[in-house]
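Report on the structure given below.
The values are calculated or read from the model by the stated rules, or taken from the named source; none is laboratory data. What you see is a predicted model; the values in this text were computed from it and never measured. Every residue, glycine among them, receives a Cβ derived from its backbone with ideal geometry; neighbour counts consider all protein chains shown. Keep in mind that these areas ignore ligands, DNA and RNA; they rest on the heavy atoms of the full protein, side chains included. Shrake-Rupley method; radii C 1.70, N 1.55, O 1.52, S 1.80 Å.
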Amino acid sequence: MKTENQNKKSSVCNCLNLRRASLAITEIYDHYLAPSQLSVSQFSILKHIRAIEPVSVSALAAEIRLDRTTLVRNLKPLEQQGLIHDIAQPGTRNRQLCLTVAGKEKIELAHVYWQQAQERIEEQLGLEDTKILQELLLKIEVLEP
């Protein structure tokens, strides 16, 4: 009897394979992070803000390597939940984002679940293949058209 994995086939299209893999990885992280009520994207944004706060939206987008419009869309629910706030002076055009106390607490809670996802992936792939995957993804990220 074939397992689900044995029925799946790789595409000849590298882009499609990467998209499928990205969706699968995102699903794993989101599954483990579910008790924290954060998606992996939200968790990543909060972690980046904490690392470089206060930070402008443009600088954060550059750091995460995400287009500004997508980032702004992802920031809205974090602001609505009271996890981040803007400390810029009123009337200034450039927002300066920081974590709230609730945001810092949420990261601490979510980090435990994120670590479980990391361990699950490493367990499935093995330590050596996980390192190879990370190296290959870095090579792909710097490809030029």
Summed over the other residues with a beta carbon less than 11 angstrom from that of Ser36, with K and R at +1 and D and E at -1, the charge totals -2
Dividing the alpha-carbon radius of gyration of region 68-118 by 2.2 N^0.38 Å, where N counts its residues, gives 1.34
Sorted by chain and then number, the residues having a modelled amide H within less than 5 Å of the amide H of Ala88, at least 5 places away or on another chain, are Gln96
Rounded to whole Å², per residue accessible area for the chain with a 1.4 Å probe reads 72
In order over region 114-124: 3J(HN,Hα) from phi, Karplus 6.51/-1.76/1.60, θ = phi - 60°, whole Hz, x for each Gly or Pro, gives 4, 4, 5, 5, 4, 5, 5, 5, 5, 5, 5
Diffing region 135-145: the Karplus 3J(HN,Hα) column from phi (6.51, -1.76, 1.60, θ = phi - 60°), in whole Hz with x for Gly and Pro, holds 5, 5, 5, 5, 4, 5, 4, 9, 4, 10, x
Taking a ≥ b ≥ c as the square roots of the eigenvalues of the Cα gyration tensor, with a/c under 1.5 meaning rounded and otherwise prolate when a/b exceeds b/c and oblate if not, region 86-145 is oblate
For the pair Leu125 and Glu141, the simple spin-label estimate (label points 7 Å beyond Cα toward Cβ) gives in nm 1.3
The set of residues whose placed amide H lies less than 5 Å from the amide H of Thr100, leaving out same-chain residues fewer than 5 positions away, is Ile84, His85
Relative contact order of the chain (C-alpha contacts under 8 Å, at least 6 apart) in percent is 24
The helix 40-52 Cα axis meets the longest alpha-carbon principal axis of the chain at an angle in degrees, between 0 and 90 and rounded to 10, of 50
Partner lysines whose C-alpha sits under 27 Å from that of Lys9, ignoring same-chain residues fewer than 8 away, are Lys131, Lys139
Residue by residue through region 70-80, the couplings from Karplus 6.51 cos²θ - 1.76 cosθ + 1.60 with θ = phi - 60°, in Hz, x for Gly and Pro, are 5, 4, 4, 4, 6, 6, 3, x, 5, 5, 5
Checked region 19-71 with the C-alpha gyration tensor, a ≥ b ≥ c its square-rooted eigenvalues, rounded below a/c of 1.5, otherwise prolate if a/b is larger than b/c and oblate if not; verdict oblate
Computed about the Cα centre, the charge dipole of region 46-145 from +1 Lys/Arg and -1 Asp/Glu charges at the Cβ has a magnitude in debye, to the nearest 20, of 580
Per its Cα gyration tensor (rounded if a/c is under 1.5, else prolate when a/b beats b/c, else oblate), the chain is best filed as prolate
Among region 88-115, those whose backbone N falls under 18 Å of a label point 7 Å along Cα→Cβ from Ala34 are 110-115
